[in-house]
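Read-outs: derived from the displayed coordinates by stated rules, not from any lab. Model, not experiment: these values are computed from the prediction. So basically every Cβ, Gly included, is an ideal-geometry build from the backbone, and we count neighbours across all protein chains shown.
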Amino acid sequence: MKALVVDDSMVMRKVLIGALSRLNIGDVDQAADGVEAVAMATQNQYNLILMDWNMPNKLGIDALKEIRAQGQTVPVIMVTTEAEKMRVVEALKAGATNYVVKPFEPKVIVSKISAALGQTAEEECAV
Amino acid sequence: MNVQYINPFIESVSELFTTMFQKSATRGNIGTSKSVGENQDVVAMIGITGDVQGSVAVAMSEQTALKVVGSLLGCDIDEFGSDATDGVAEVVNMIAGGAKAKLPSQGLSPLQLSLPTVLRGKDFVVTYPTQSLWLDIPFESELGSFHLRVTLKNAQNN
């Protein structure tokens, strides 16, 4: 199981990597913007991508569109402060698997990751 | 500045604490501040543009900043380094993002946020020639005290 965490905040990447570790997903790559994210998703096979929206160089929503345009079906969860419904709809139309608004409770992100991977969220008890 | 604009930011602080930190933050009385950094060591700030323009900031002591970021990461942080800088930037990002989603209910079109900036020092002054008034909302929390500071004005008043 290999995941990519995309966020311009190093601290948020660490928070998300912590959430992944609770699901025993320890093989995690990191990207700090949409450009890096597209490049890494092109070069690697991921089982899951966690994608911020607002980042320098390339927005997460644009990175998502490029990844989908490549035909990649990897689950992508948007994890963002963009909380407006129009943003959620835009992301889902672009091919996002799910959407998590920051700030979030730890059990929420773990549950959404589990659902995206088709796992049960029994690990929630560890949060 | 329309004081009603401040409520979404206050709500956003409370939501941040109850979700990410799973703690409470109690706010004090709204006042004003001459400068965004008044009496504080660390300020994380984001610019807002759209129907209203201005900035939102969180200002705190270095000790509080270390506890806040440590709580985010789930570990103790002893020095104000890149993690702390990045963490307080993310804190104001989440506060501004949450408020941004609520502000349209105040009759505003969706707003845009800048990327966050972090300032460090003691009693530094950031001068805003056309926006000299910062609303100041003090908060107390288990992680320490901090201030939410907001300056906004209607764009058509430029």
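A few remarks follow.
- Using the rule -39500 (n - 2.57) for each DSSP H run of four or more residues, divided by the residues of chain B, the 222 nm mean residue ellipticity is -9000 deg cm²/dmol.
- The C-alpha atoms of chain B define a longest principal axis, and helix B:62-73 lies at about 80 degrees to it.
- Derived from the Cα gyration tensor, the three semi-axes of the equivalent ellipsoid of region A:2-120 are 18, 16, 14 Å, largest first.
- Region B:1-63 shape via C-alpha gyration tensor axes, a/c threshold 1.5: oblate
- Summing Cβ point charges (Lys, Arg +1; Asp, Glu -1) relative to the Cα centre of the protein assembly as shown gives a dipole of roughly 700 debye.
- Where the Cα pairs of chain B fall when distances are cut into 10 Å bins, in %: 11, 44, 35, 9, 0
- Put a plus charge on the Cβ of each Lys and Arg, a minus charge on the Cβ of each Asp and Glu, and nothing anywhere else: the dipole of chain A about its Cα centre is then about 180 debye.
- Residue of A:E82, A:E36, A:E105 that the Gaussian network model of chain A assigns the largest fluctuation, springs spanning Cα pairs under 10 Å: A:E105
- Residue-averaged 222 nm ellipticity for chain A, from DSSP H runs of 4+ at -39500 (n - 2.57), nearest 500: -12000 deg cm²/dmol
- Positive-end residue, region A:2-120 charge dipole about Cα centroid, Cβ charges, pick of A:I109, A:M40, A:M10: A:I109
- Checking the Cα-Cα distances for A:K85/A:K112; A:K65/B:K153; A:K102/B:K122; A:K2/B:K23 against a 27 Å cut-off, the pairs over it are A:K65/B:K153; A:K102/B:K122; A:K2/B:K23.
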